[in-house]
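Structure first, commentary second.
The values are calculated or read from the model by the stated rules, or taken from the named source; none is laboratory data. Since we're looking at a predicted model, the values are computed, not measured. Ideal geometry is used to build each Cβ from the backbone, glycine not excepted, and the neighbour counts take in all protein chains shown. When the accessible area is computed, the model is the full protein with side chains, heavy atoms only, and any ligands, DNA or RNA have been set aside. Shrake-Rupley method; radii C 1.70, N 1.55, O 1.52, S 1.80 Å.
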Amino acid sequence: VQLQASGGGLVQAGGSLRLSCAVSVSTSRRNAIGWYRQAPGKQRELVASIGVGGSTNYADSVKGRFAISVDNFKNWVYLQMDSLKPEDTAVYYCYAIFAGLSYWGRGTLVTVSS
């Protein structure tokens with residue numbers, strides 16, 4: 001399983017970005033799929049995930065601002081990020097769990113300037 005994230009960049013506070021993750025297998029077969037992030041000097045944290053039934057889970061810090069979605073026809077996962085804050089600056093990683101095994105893509109850097 002391969003995951004390829006894209007869409008990071010530099011944005012001003014209050015702006016928006018959409019991250020995309022291409023998955024090499026059918027996303028409909030997932031146990032879960034989503035995004036983690038790691039800020040400088042901090043541990044990696046879950047940002048958002050979506051289970052096989054479509055149930056979503058968000059970090060408290062992004063609720064109401066971020067939205068995760070999956071396109072099971074194209075096998076893409078998206079993270080729409082609105083009202084970005086400087087504290088959202090981090091490397092964002094796409095991940096997926098298939099048959100109980102975890103897979104990670106390379107990260108994409110999001111930098112939010114104040």
(Q) Can you find, within region 8-32, the residue that is farthest from residue 94 (Cα to Cα) among those that are at pLDDT below 95 and not polar (S, T, N, Q)? (A) 29
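Would you check if residue 47 is in contact with a helix residue (DSSP H, G or I) (Cβ under 9 Å, 6 or more places away or on another chain), closer than 12 Å to residue 94 by Cα and in contact (Cβ under 8 Å) with a residue 12 or more places away in the chain?
yes
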Q: Look through region 56-78, keep the residues that are touching a residue at least 24 places away in the same chain (Cβ under 8 Å) and either of a type in the set (S, T, N, Q) or under 12 Å from residue 46 (Cβ atoms) (or both), and return whichever of them is surrounded by the most Cβ atoms within 10 Å (Cβ to Cβ).
A: 62
Q: Check region 10-33 and report whether any residue there is of a type in the set (S, T, N, Q), without any contact (Cβ under 8 Å) to a residue 40 or more places away in the chain and either in contact with a Ser or Thr (Cβ under 7 Å, 6 or more places away or on another chain) or open to solvent by 60 Å² or more (accessible area, probe 1.4 Å) (or both).
A: no
Q: For region 63-114, enumerate the residues that are touching a Phe, Trp or Tyr at 6+ places or on another chain (Cβ under 8 Å) and assigned to a loop (DSSP other than H, G, I, E, B).
A: 82, 105, 107
